[in-house]
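Heads up: the structure comes next, in structure tokens.
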Number of protein chains: 2
Amino acid sequence: MSETHGIRELAAEFGITTRTIRFYEDKGMLRPARDGQRRIYSPRDRVRLRLIMRGKRLGLSLEEIAELIDLYDVDPSEVTQLRQFIEVIGIRMTALEAQRRDIDDALGEMRRIEKQCADLLAQKQSQKKGSKA
Amino acid sequence: MSETHGIRELAAEFGITTRTIRFYEDKGMLRPARDGQRRIYSPRDRVRLRLIMRGKRLGLSLEEIAELIDLYDVDPSEVTQLRQFIEVIGIRMTALEAQRRDIDDALGEMRRIEKQCADLLAQKQSQKKGSKA
DNA sequence: GCCGCCCTTTACGTTAACGTAAAGGTCAAT
DNA sequence: ATTGACCTTTACGTTAACGTAAAGGGCGGC
């Protein structure tokens, strides 16, 4: 039942190298338990790694990702911290929404181009047919 | 009426340095005209630069961006090229859609956390009031 | 006891995407 | 003609995010 993993397992699961995982630990983004010297990764560590990978897919730097992840486990005891927290999250969300718009724009253009190509293809096909008939 | 620009203007408009613009040219991503030695940027060049910046916001490497931009001005004369083209665009679109999902996931989580914080804040406020009454 | 496999730390190497500095050309204004 | 504001090329420097190699410990199997 104890859902723990070795570093090699985790690396395989995420398609990265052990070096990369240790590097993220160096950067303070992971804090696996230890069995002697060996690193032991809990489900919680896996979640963190998943968040890191998603951040990378979004084009964030490791530094930005670290900040974001830290957001997830701020202890919500101080009110001023909570306020700042909400503000930071708001900023981040605005950025993400802008990125979403960028993606939608790009997708729109690509669909347009794709259609143009398809139309051109159809034209050429009918021309071919015509030449045979 | 001739909508051309010097390198300095363009840099200011996009919030980047002239070095960066020349760097992109080195990489074959821009091909400004010349007046003697000076670079002259056409509206077309500006569009390209806009595409580059958007690609960067999406976390793409300059190499990926260059490929994508080249997609926009492939000459659609060969049918096999058109087919390949449509395929490549499809792959790119799939990737962008995945990235969109990542963003939506992240936004969802952040909204959840934001709400949690807001609720906590509200709780603390009412507690404060209660202690004063 | 030794082999092979996994793990560890330490440290130098590499690539992308520029930054920064050096050395110089051009042109308008003073 | 010299200053200042641009522009140019060339080239070395820098940072992030790892890769890669060296040197070694722990352990189950033969």
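Couple of notes before you dig in:
- Here the contact order of region B:1-73, divided by its residue count and restricted to Cα pairs under 8 Å and six or more residues apart, works out to 27 percent.
- Label-to-label distance, nm, for residues given as A:D104 and B:R50 (7 Å Cα→Cβ offset): 1.7 nm
- Violating pairs (Cα-Cα greater than 19 angstrom) within the set A:K56/B:K115; A:K27/A:K56; A:K27/B:K115: A:K56/B:K115; A:K27/B:K115
- Once Rg and the Kirkwood radius are both taken over the C-alpha atoms of region A:74-133, their ratio Rg/Rh works out to 1.59.
- Across region A:1-61, the fraction of Cα-Cα pairs farther apart than 14 Å, rounded to a whole number, is 55%.
- Residue of chain B nearest the B-to-A rotation axis [by Cβ], rounded angstrom distance: B:G59, 1
- Relative intensity, log₁₀ I(q)/I(0), of the protein assembly as shown from a Debye sum that treats every alpha carbon as a point, q = 0.08, 0.13 Å⁻¹: -0.53, -1.04
- Residue exposure sequence - A:I65, B:I16, A:I52 - by fewest surrounding Cβ within 10 Å: B:I16, A:I65, A:I52
- Over 21 Å [Cα-Cα, chain B], rounded percent: 61 percent
- Electrostatic dipole magnitude of region B:1-73 [Cβ: Lys, Arg +1; Asp, Glu -1; Cα centre; debye, to 20]: 260 debye
- Helix B:79-132 vs. chain B, principal-axis angle (Cα, 0 to 90°, nearest 10): 20 degrees
- Distance between the pseudo-spin-label points of A:D75 and A:E114 (7 Å out from Cα toward the beta carbon): 5.0 nm.
- Per-residue shielding of B:115-123, expressed as the average number of other chain Cβ atoms within 10 Å of the residue Cβ, stands at 3.
- Average Cα contact separation per residue, chain B, under 8 Å, 6 or more apart, as relative contact order %: 15 percent
- When both region A:70-132 and region B:68-122 are represented by their alpha-carbon centers, they are found 4 Å apart.
- Residue mean of other protein chain beta carbons inside 10 Å, B:97-104: 5
- Averaged over the residues of A:66-72, the number of partner chain Cβ atoms lying within 10 Å of the residue Cβ comes to 1.
- Teacher prompt: B:E87 distances to equivalent labels in other copies, 7 Å Cα→Cβ, nm: 5.3
- Among the GluC sites (Glu not before Pro) found in region B:16-118, those both in a DSSP coil and sparsely packed, with 15 or fewer other Cβ atoms within 10 Å of their Cβ, are B:E78.
- Take B:L120, push a point 7 Å out from Cα through the beta-carbon direction, and compare it with the same point in every other copy: 5.5 nm, smallest first.
- Each Lys and Arg Cβ is given +1 and each Asp and Glu Cβ -1; about its Cα centre, the protein assembly as shown then shows a dipole of about 100 debye.
- ³J(HN,Hα) computed for each position of region A:52-58 - Karplus, 6.51 cos²θ - 1.76 cosθ + 1.60, integer Hz, glycine/proline x: 4, 5, 5, x, 5, 4, 7
Read-outs throughout are calculated quantities, based only on the coordinates presented, and are distinct from any laboratory measurement. Here the structure is a predicted model, which means the values were calculated and not measured. Glycine also receives a Cβ, built like all others from the backbone with ideal geometry; neighbour counts cover every protein chain displayed.
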